[in-house]
1. Being closer than 22 Å to A:Val360 by Cβ and loosely packed, with under 14 Cβ neighbours inside 10 Å is the requirement here; does A:His99 meet it?
2. Out of everything in the stretch B:596-626 that is outside any helix (DSSP H, G or I) and either within 39 Å of the chain's Cα centre (by Cα) or β-branched (Val, Ile, Thr) (or both), what residue ends up being surrounded by the most Cβ atoms within 10 Å (Cβ to Cβ)?
3. Given the options B:Val77, B:Val50, B:Val81, B:Val69, name the one that is farther than 21 Å from B:Ile14 by Cα and either touching a residue at least 24 places away in the same chain (Cβ under 8 Å) or among the aliphatic types (A, V, I, L, M) (or both).
4. From A:Glu18, A:Glu5, A:Glu14, grab the single residue that is surrounded by 20 or more Cβ atoms within 10 Å (Cβ to Cβ), among the charged types (D, E, K, R) and within 22 Å of A:Leu132 (Cα to Cα).
5. Just wondering, is there one or more residues in the stretch B:405-417 that are without any contact (Cβ under 8 Å) to a residue 60 or more places away in the chain, part of a loop (DSSP other than H, G, I, E, B) and within 27 Å of A:Asn125 (Cα to Cα)?
6. Return only the number of the condition from (1) surrounded by fewer than 22 Cβ atoms within 10 Å (Cβ to Cβ); (2) modelled with pLDDT under 90; (3) under 30 Å from A:Lys312 (Cβ atoms) that A:Leu119 does not satisfy.
7. Which ones in the stretch A:4-36 are in contact with a strand residue (DSSP E or B) (Cβ under 7 Å, 6 or more places away or on another chain) and either within 8 Å of another protein chain (Cβ to nearest Cβ) or of a type in the set (A, V, I, L, M, F, W, C) (or both)?
8. If we only count helices (runs of 4 or more DSSP H) wholly inside the stretch A:382-491, which ones have 1 or more residues that are farther than 30 Å from A:Pro157 by Cβ and at pLDDT below 80?
Amino acid sequence: MTFEEKLKNCPPAEIWQEYCGFLDLSMAEYMQIQKRLVMEQVDLMAACPLGQRFFKGHAPKSVEEFRARVPLTKFQDYADVLLPQREEMLPAKPVVWLHTTWEGGDFPTKRAPYTEAMLETYTRNILAAMILATSHGKGQFHVRPGARVLYSLAPMPYATGMFPDLIRPQIRLRFMPSVEEARGMSFGQQTKLGYKMAMQQGMNLFFGMSSILYGATRNLDSLSGGGGGGMLKMALGMSPRMLWRAVSAVYRSHRDGTPIRPRDLFKLDGFVCVGTDTSLYKNELAEAWGIRPLELAGGTEPSCMGTETWSKNGLVFFPDDCFYEFIPEREYMRELEDPGYTPRTYLMDELVAGQNYELVITVLKGGAFLRYRVGDVYRCLRLRNPEDGLDLPQFEYIDRIPTVIDIAGFTRITQREIEKVITLSRLPLGGWFAVKEYNEEGHSYLHLYAELNEDDEGAAALTRQILQEHLSVYFRSYDGDYRDLKRLLGMDPLMVTVLKAGTIAAYTARTGRSVQPVGAPREVVLDVLRLNEAPAGQEGGGAVVAQ
Amino acid sequence: MSLNERLFIIVPLISVLCNVFLFLTALSSRKDRLVNAFSTLLGSFTLWTVGSLFMRLQLYPGPDLWYKVSITGTFLVPFCVYNFVYHFTDSRAPFSRTVHGVAWGVVVLLNLHNIFITDPHMVTVGRETRFEYGISSLVVIPILLAIYTLLDAWRLAWRSCRDGRLDLGQFAPMLIGVGVMFAGTMSAILPQMVSLPVDTFSCAVNAVCLYYMLYRRRLVPLRSFASDGPMYVIALLSSTLLLISGYRVAHYAYLRNFYQFKDYEIIVFAVAFAVLTILMYLIVRRLLTAILLKNAQVQTEELRQFSVDINKTLSLDALMRLYRDFLQRCMPGYTARVFLRDERTGNYVMRGASEMAVACRDELAADDPLIAWLRARAACVSYAEFSRSKNFRALWQKEKERFEQLRVEWMLPVLSSGEMVAVTLFSAEEAGKRRSLSQERQAMLDSTAAVLAIALNNASLYEALRRKAQHDPMTNLYNRGFFLEQLRRDFELAHNAQISLLLISLDDFRLYNELYGSAEGDRILKRFADALVVLVGSRGTVARYSGKEFIVSMPFCSAADAISCAENARDWLRNEVIHSGESTRKFLTFCAGISSYPTSAANVDELLTYAGMAVYSAKANGKNRITLYRPEAEDKRIEANFASKRALADSCSSTIYALTAAIDAKDHYTFSHSQHVAEYAAALAAVYGLDADHIEIVRQAGLLHDIGKIGTPESILTKTGRLTAEEYTIMKQHVEGSTAMIRYLPSMDYVIPSVLGHHERWDGRGYPRGIAGEQIPIGARCLCLADSFDAMVSRRSYKDPRSVESALEEIERNLGGQFDPKLGRMFIDLVRSGKLTVHVDEPLPPDAGEHLR
């Protein structure tokens, strides 16, 4: 029975139970499911060459043994199998391979195999998220066949591109533009056309990447076809209902002297957003759209892993998608300082509220990843939520791990990539470090603090502007995802601050600590800047900032 | 009464009947908001039709009241239809509903004051009485309101279809019903139709359509018709109708025939009416029960019979057969698989299926999420419901696929004291859309589960007891008693083919126990028992034969199979003992004896005897051996054994002589008794057909049989009078004394069985063990005859010798009592034929010393 048939023939309580019943699990029941399913995965892995590589000929007999014997893994551990798509090495036959950004540049994509069972779980979890997105309380939801959906997520072969393909066999939804039409378009064209259609016909559901949603919310006019003649042309194609709403919105805007907000035009049943920095944009999005967005957690390796509930105030992880382990912040920070250290992991029922954790997953149902470090950091908001009747921990997505700079969910910049770009650019840079920062509009960007070589003759001729433009060109040329940022969001997420030569070394000499090349803590950055700004003769001249 | 008048009575009466009937039926079904809304709608129809009927009949208190009742019902119908659709579509528009309700309340109140329909009155034209009324221009208000209300109801229905909550098809009966009612009501104003009661007729049609609509949604079951309320109404109204139509005829008939009793007419008619009503009730009940409850009754009867049957049996297999037959009858179209909990593992093992072709090789793990879920649900549930549960997420993919492959649709847990003891999975025999199971059928299955739970509980208790009686508690193998029965069954089964018997006796096990402790001894016995079960597998039955002996029956297996099995067991034991992980290296071996039918044994007794002999041979040849019994080999062995025993006896002869001399010293009269007994018994054994080895055993036993008398006080041995009970008890102890002493003789313990049994009697009244018949070793039986005979023909301190013939007659008299009849007869023949030289003491002359007596 498809989801639509269930909507027609089953009581809402039954549908809720089927898709969202996991929210009623007790912690013990949740862990029981986790442990049972991870042993299924161990069973599958033990029978394939990839698993035998990690098990070393002896399959673990218990979850404890599995955690003790299998090391924490990264994509490098699977690259020789997954990049050439060697299916014979895997625990189950994949039906689709999805891609995602690895590090950019020379290592552009990671690949993840999806089995039939994984897709089944993925579908069920997406539908659960859709139900929850339209819900205002436990068991109360409003999903209807034929709803208009504006879909603004990365297309295939990215994981989010699977959403429409998985949902369509289950329920009739009117995607704007249609899935077939969207396949022939770039992401930008798809988003723009989608907004235009939504303006004309209205929309009921909105799936989007947080950064794009935020951009679209702030530039509603430009996305919907611009002002003046464009608006008139647009009005001609509008349905009577949308025309009425548009006219009312324009009237209220003129009357109150405020800009038109999306909530004036659209009455959404559900609003779903994914991606980095969602928590930064959420309140503003809720205010603009009149409905609080429901955040999803996921990625290419874990698929749709977690969802918020009807309260939209914290993620709950699905019990049957992955087996979750968590590395506390102090552990992964210690590993940063001492790369030989193996951080300890904790299970879902061993967490502490308010702590940040790096996520480690074992993909269930025949997935390829065992104890895999996705590179995402989550904060455990609370261990249970009595108001919503939840006995499960809720999370908030924080960011990538400190060694990765994620800009708007599009690109992942690492130390290796920056080194490569600097090398390619042949700029006479000495020491440098990079951090992720946010501008006044809330957009994230890469802030590169760099020293010029004092003894290089060309250095004196380099201004900040030239440095920045030069590096930006090389970033765009080296990293395709970085290029998309510029193309889709119209932003160049690079800011360069030139430091006096020897500032970083001076900091190290003074504190005895080196500055991490990527993701240095904010207080370290401030200390370095203070050293940089100290009067000449003491520690050097002022910093020069350009964007 | 004209036809029209009759129609105006009969049609509304049928309509009333129909509405009241449905009303009561709805009341007897499950109550929820929708059924209540339907009952309210039927109530308004009933007001309409009852008012119309009673008005036509001009019943008390008069047409005015009944008109108001009828018109109120009529005016309430649009709102009640709206209310019904509102609940049917599960809509959320409380404000709109309230507005409709208030508006129709006001309209009804105004109409009671004849605002819309004016001046209602009855007129009589010719012989026909009609109802006439005027219409105010304000009537347009209720008409528009009715149109608005019905359109709004239609809007709710359309929206629910548009949103995908309901299918248009579900509203088809309502559309037909409302259409008929609307047409009927409108046609009432046509001149051609004014004389026909089409409005009340259409009202009944509408009620039936709406009832059908609810029935399709499974909100009201058809069998509700067969509840008492509707049946009473049918009976009452039918008899009333009969009374109305037949009263006049009956009245005249009564007056014509019973004029003298005309004062009692009312009483007679009242009684007749009551009887008629009762008869109608009985007929209606029989009819409706036959139509609607037949299946339910059949099910109930099936369940009752099943309950009776399974309570008669304690066998699990029989129980499963009964349950299978029951399911075949009651769940056609489904294949049922029955899983019983294995107490040892906690898993649920498939024990039967309603289809013979289904193999019983499936199992549900104890930690299967389905098990926990079913335990919590404790009732018949659908697989679809399980697939919606949170437990479903914990299923492994292959578990899901298995359930899908089996096409499991329904599941029935069987709980006893909160524990799930069994579960039945019902699979659709044909692929396709899942079928629903009626609530009645589910309830029946739940009742079946309850009955089955008790029966399973009893059967498992019985099984536990039976198991306890058949098994050795330490090794959990079958015990000796059960094994002997099983061996006979195996022999019966395989007597046209072959069967082998393997007897394993651990070597020096007492020593092993003393060296490593009895706990280690018990452990190795258990381990060895488990290993043996695995090694034998399905080829045979393993049992613990005695403390250190195991026995295996292997039907249809050759001696070579048994040897191979024994060799594997020997390898296993060697590995187990060597790799016990302890610093001290242990040592334990066994001797195995194998006998085989038909090559070396002819029956079960021979199989057992020869296997024992083979073990004996293995022990005698140095232990740690596997020996196959072969008759020819046995001869050689016998010869060798005979020689060795004879050599042994010779080497011990001085000891034996010393011991017998010691007895002689104590009791002069027993001089040479042991020698004589040895000769007689050996001769008898030879006649009986024992081999040389056994004859030698008997002879040596004869020599040693009384050496225990060394410990008997001389005063008792030489007492001339009758022994007291206490003295007799002491005297009897010489048997144990003999065996105790023989144990100290090197390697002569083989004579113990014969010595120990020489005072046993064929009838079981002997001592020390009181065994009887062939349980007494053959050597002992020979000794018994020889001993008694020599005692009779010898002089004793308390008697003179008897003649040989007298002694033989005494023996003859005691055949079957004290003596083995067959052996006794042989002995008598042996003596009488003169083949046995008898040593007879001559009687003393009468003047011989009295002290010798």
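1. On the way: closer than 22 Å to A:Val360 by Cβ: yes; loosely packed, with under 14 Cβ neighbours inside 10 Å: no.
Considered against the rule, which asks whether it is closer than 22 Å to A:Val360 by Cβ and loosely packed, with under 14 Cβ neighbours inside 10 Å, A:His99 comes out as no.
2. Taking the stretch B:596-626 first, the residues outside any helix (DSSP H, G or I) are B:596-603, B:621-626.
Now narrow it down to the ones that are either within 39 Å of the chain's Cα centre (by Cα) or β-branched (Val, Ile, Thr) (or both): B:596-597, B:599, B:603, B:626.
Details: B:Ser596: 26, B:Tyr597: 23, B:Thr599: 14, B:Asn603: 13, B:Ile626: 22.
The extreme case among them is B:Ser596.
3. On the way: B:Val77 fails: farther than 21 Å from B:Ile14 by Cα; B:Val50 fails: farther than 21 Å from B:Ile14 by Cα; B:Val69 fails: farther than 21 Å from B:Ile14 by Cα.
The unique qualifying residue is B:Val81.
4. On the way: A:Glu5 fails: surrounded by 20 or more Cβ atoms within 10 Å (Cβ to Cβ); A:Glu14 fails: surrounded by 20 or more Cβ atoms within 10 Å (Cβ to Cβ).
Answer to the check: A:Glu18.
5. As a first pass, look at the stretch B:405-417 and keep what is without any contact (Cβ under 8 Å) to a residue 60 or more places away in the chain: B:405, B:407-408, B:411-417.
Filter again for part of a loop (DSSP other than H, G, I, E, B), leaving B:407, B:417.
Still in the running and within 27 Å of A:Asn125 (Cα to Cα): B:407.
Scanning the stretch B:405-417 turns up at least one residue that is without any contact (Cβ under 8 Å) to a residue 60 or more places away in the chain, part of a loop (DSSP other than H, G, I, E, B) and within 27 Å of A:Asn125 (Cα to Cα).
6. With respect to (1) surrounded by fewer than 22 Cβ atoms within 10 Å (Cβ to Cβ); (2) modelled with pLDDT under 90; (3) under 30 Å from A:Lys312 (Cβ atoms), A:Leu119 is out only on (2).
7. So in the stretch A:4-36, the residues in contact with a strand residue (DSSP E or B) (Cβ under 7 Å, 6 or more places away or on another chain) come out as A:23, A:34.
Once the filter is applied, which keeps residues that are in contact with a strand residue (DSSP E or B) (Cβ under 7 Å, 6 or more places away or on another chain) and either within 8 Å of another protein chain (Cβ to nearest Cβ) or of a type in the set (A, V, I, L, M, F, W, C) (or both), the stretch A:4-36 yields only A:Leu23.
8. Working: elements: A:415-425, A:464-478, A:480-489.
In the stretch A:382-491, A:464-478 are the helices (runs of 4 or more DSSP H) which contain 1 or more residues that are farther than 30 Å from A:Pro157 by Cβ and at pLDDT below 80.
The values are calculated or read from the model by the stated rules, or taken from the named source; none is laboratory data. What you see is a predicted model, and the numbers here were worked out from it, not measured in a lab. Cβ coordinates were reconstructed from backbone atoms using ideal geometry, including for glycine residues, and neighbour counts include every protein chain displayed.
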